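Contents: one structure, followed by commentary.
The values are calculated or read from the model by the stated rules, or taken from the named source; none is laboratory data. In this text the structure is predicted, and so the values were computed from the model without any measurement. Cβ: placed from backbone, ideal geometry, glycine included. Neighbour counts: every protein chain shown. Note: accessible area is taken over every heavy atom of the protein model, side chains too, but ligands, DNA and RNA are not part of it. Shrake-Rupley method; radii C 1.70, N 1.55, O 1.52, S 1.80 Å.
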Amino acid sequence: MKRLIEGGWIWTGGDHDRDRLIEDGAVLITGERVEAVLTREERSSYPISPEVERIDGSGKLIMPGLINAHTHLYSSLARGMALPGFAPTSFTQILEQLWWRLDKALDPESVKMSARVGAMEAARCGVTTLIDHHASPHAVRGSLRAVQQAVNDDLGLRGAFCYELSDRDGTVIRDEGIEENLEFLSSDDPKETMSGALFGLHASFTLSDDSLATVAERIPDGIGVHIHVAEGSEDEEQCQAEHGMRIIERLRKFNLLRERSILAHCLHINEKEKDLVAESGAIVVHNPRSNMNNAVGVFDMDGFLHRGITVGLGTDGLGANMLAELFTVGILQKVSTGNSLAAGFGDLQQILFANNPRIAGRLLGAKVGRIAPGYQADIALFDYNPPTPIDAGNVLGHLLFGIAVHDLHVSGLIVAGRSVIDGGHFTNIDEDKTYSEARKVAAKLWARIS
Ligand SMILES: [Zn+2]
């Protein structure tokens, strides 16, 4: 099937050395890939068959679909939830009083509904790939398949999935977590670019040496882990007190620092640990709004980027608005350094538009993140009529101070050449019906929280 997006402003994405902005051009999609990106002049001479399906791009900014490199779809039904006695004074208490109460109450129905709602809202924000970190300790087995079905089948988005293994709920649930990860990994087809798999780990402070040794022994070669690292300072303190080493050294000891490993947060690791991360080629994912909301610290962005570490961007389950998250990366660095020039557009573009696609490529084997021949046709169409001149040199200004600040949503979203949102409506799922059902499932979920 061939489709042609015509008109509007096409931003090809990627890093700032290679991107182009084409006004009133066209994107020709053949099957799941981009066949050609055409300027206005090239449109008239390129052979386009009359059967091609035409998509009106006028009045739209057409750009690569966004990627969320660390999220928790299971948090989607927590919005507005009352929590009697909630008064945390540390990050560990936030986990104990909120997230570990919620995840224990999840059942198969709420796992599926959380994923469906989270994926739906991500799609509205232009997200085409979600890298999820799932937990449901009383509904472990089959949970990854349920999340995958919601993302891949119900919505039509790409995703990489894992179950966050932990010792916090005892050995029976821990063992279920190991089996759930392994079974999902073994069923994952490496040639299928809609879905990928990692081995999920909660965090160093909730994992015994016995558990890490088991993971080290059973994780397949070439597969990475997805783990929270030093999100709260307690994680590092516990590691040194209990294990006599720092977290990154502990992960290295178990051979879990890998090129496909995602280390989320890394707020409290020291300079030596950053060197070890750089040496290993592992991925670090920054989640500024979550970090600010949990009051856990500020990410040393320059320290990671200067070492050549692949720094990606995630939301940590706090929504999926990647452009708003990117805006926050900038303002957090500015306020924390007292330097209004901190986190320039080049670094911001690198993180979301070059590194996140690189991460998705590593985990899913998908060539994504640019609108260019041969790339997957993962494309977001934002209704955006620029009130000022726009070109490849200032497009970040439009994305951050236009789309992000004004919270604009997509009216079109294409994944692997197929429309997920068309003319402002979901093609695969009834949005109003899903929200209505979700409210019922959420009410039951909240009633189970103790
Ligand atoms: Zn997280």
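Against the test of being touching a Lys or Arg at 6+ places or on another chain (Cβ under 6 Å), open to solvent by less than 10 Å² (accessible area, probe 1.4 Å) and part of a helix (DSSP H, G or I), the options 115, 150, 122, 146 yield a single qualifying residue, 150.
Of all residues in segment 27-52, those being open to solvent by less than 80 Å² (accessible area, probe 1.4 Å), assigned to a strand (DSSP E or B) and in contact (Cβ under 8 Å) with a residue 24 or more places away in the chain number 8. For residue 78, the conditions (1) within 26 Å of residue 402 (Cα to Cα); (2) surrounded by 20 or more Cβ atoms within 10 Å (Cβ to Cβ) all hold with the exception of (1).
Would you confirm whether any residue within segment 275-296 is in contact (Cβ under 8 Å) with a residue 40 or more places away in the chain, more than 24 Å from residue 121 (Cα to Cα) and of a type in the set (Ser, Thr, Tyr)? Within segment 275-296, not a single residue is in contact (Cβ under 8 Å) with a residue 40 or more places away in the chain, more than 24 Å from residue 121 (Cα to Cα) and of a type in the set (Ser, Thr, Tyr).
Answer yes or no: is there a residue in segment 167-175 that is within 16 Å of the ligand (Cβ to nearest atom) and farther than 25 Å from residue 413 by Cα. Let's see the steps before the verdict.
Just the residues of segment 167-175 that are within 16 Å of the ligand (Cβ to nearest atom), to begin with: 168.
Cutting the leftovers down to farther than 25 Å from residue 413 by Cα gives us 168.
For segment 167-175, residues within 16 Å of the ligand (Cβ to nearest atom) and farther than 25 Å from residue 413 by Cα: present.
Is it the case that some residue within segment 37-53 is more than 16 Å from the ligand (Cβ to nearest atom), closer than 30 Å to residue 115 by Cα and of a type outside the set (A, V, I, L, M, F, W, C)? Within segment 37-53, not a single residue is more than 16 Å from the ligand (Cβ to nearest atom), closer than 30 Å to residue 115 by Cα and of a type outside the set (A, V, I, L, M, F, W, C).
Taking the condition in contact with a Lys or Arg (Cβ under 8 Å, 6 or more places away or on another chain), in contact (Cβ under 8 Å) with a residue 24 or more places away in the chain and under 20 Å from residue 359 (Cβ atoms), does residue 206 pass? Before the answer, list the steps.
On the way: in contact with a Lys or Arg (Cβ under 8 Å, 6 or more places away or on another chain): yes; in contact (Cβ under 8 Å) with a residue 24 or more places away in the chain: yes; under 20 Å from residue 359 (Cβ atoms): no.
Here the answer is no, as residue 206 does not meet what is asked.
Only one of 64, 88, 84 is on the phi < 0 side of the Ramachandran plot and either touching a residue at least 12 places away in the same chain (Cβ under 8 Å) or within 24 Å of the chain's Cα centre (by Cα) (or both). Can you tell me which? Of the residues listed, the single one that is on the phi < 0 side of the Ramachandran plot and either touching a residue at least 12 places away in the same chain (Cβ under 8 Å) or within 24 Å of the chain's Cα centre (by Cα) (or both) is 64. Pairs please, first residue from segment 219-231 and in contact (Cβ under 8 Å) with a residue 12 or more places away in the chain, second anywhere and part of a strand (DSSP E or B) and more than 16 Å from the ligand (Cβ to nearest atom), Cβ atoms under 7 Å, 6+ apart in sequence or on different chains. Sorted first by the residue in segment 219-231, then by its partner, the list stays empty. The numbered conditions (1) within 16 Å of the ligand (Cβ to nearest atom); (2) surrounded by 22 or more Cβ atoms within 10 Å (Cβ to Cβ) are all true for residue 64 except (1). Tally time: how many residues in segment 322-354 are out of contact with any Pro (no Cβ under 8 Å at 6 or more places or on another chain) and either within 16 Å of the ligand (Cβ to nearest atom) or among the basic types (Lys, Arg) (or both)? Adding up the residues that qualify gives 2.
Out of curiosity, is residue 264 in a strand (DSSP E or B) and of a type outside the set (Val, Ile, Thr)?
Working: in a strand (DSSP E or B): yes; of a type outside the set (Val, Ile, Thr): yes.
It is true that residue 264 is in a strand (DSSP E or B) and of a type outside the set (Val, Ile, Thr).
On the given criteria, is residue 109 in a helix (DSSP H, G or I), surrounded by fewer than 18 Cβ atoms within 10 Å (Cβ to Cβ) and away from the ligand (no atom under 16 Å from the Cβ)? Judged against the criteria, residue 109 is a match.
If you go through segment 377-393 and keep only what is open to solvent by less than 30 Å² (accessible area, probe 1.4 Å) and not β-branched (Val, Ile, Thr), you end up with 377, 378, 380, 381, 382, 384, 386. Among the residues in segment 419-430, are any open to solvent by less than 70 Å² (accessible area, probe 1.4 Å), more than 25 Å from residue 192 (Cβ to Cβ), under 23 Å from the mean Cα position of the chain (by Cα) and in contact (Cβ under 8 Å) with a residue 24 or more places away in the chain? No: zero hits.
A quick yes/no check of all residues on (1) within 22 Å of residue 237 (Cβ to Cβ); (2) more than 16 Å from the ligand (Cβ to nearest atom):
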site: 261; (1), (2): no, no
site: 276; (1), (2): yes, yes
site: 283; (1), (2): no, no
site: 290; (1), (2): yes, no
site: 301; (1), (2): no, yes
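Residue 56 - would you say it is within 29 Å of residue 360 (Cβ to Cβ) and open to solvent by 40 Å² or more (accessible area, probe 1.4 Å)?
On the way: within 29 Å of residue 360 (Cβ to Cβ): yes; open to solvent by 40 Å² or more (accessible area, probe 1.4 Å): yes.
Considered against the rule, which asks whether it is within 29 Å of residue 360 (Cβ to Cβ) and open to solvent by 40 Å² or more (accessible area, probe 1.4 Å), residue 56 comes out as yes.
Applying a threshold of 6 Å to beta carbon distances and a minimum spacing of six or more residues, or different chains, the list of pairs starting in segment 182-196 at a residue that is under 16 Å from residue 158 (Cα atoms) and ending at one that is open to solvent by 100 Å² or more (accessible area, probe 1.4 Å) and in a helix (DSSP H, G or I) is empty. In the condition set (1) touching an Asp or Glu at 6+ places or on another chain (Cβ under 7 Å); (2) surrounded by fewer than 20 Cβ atoms within 10 Å (Cβ to Cβ), residue 278 is compliant with all but (1).
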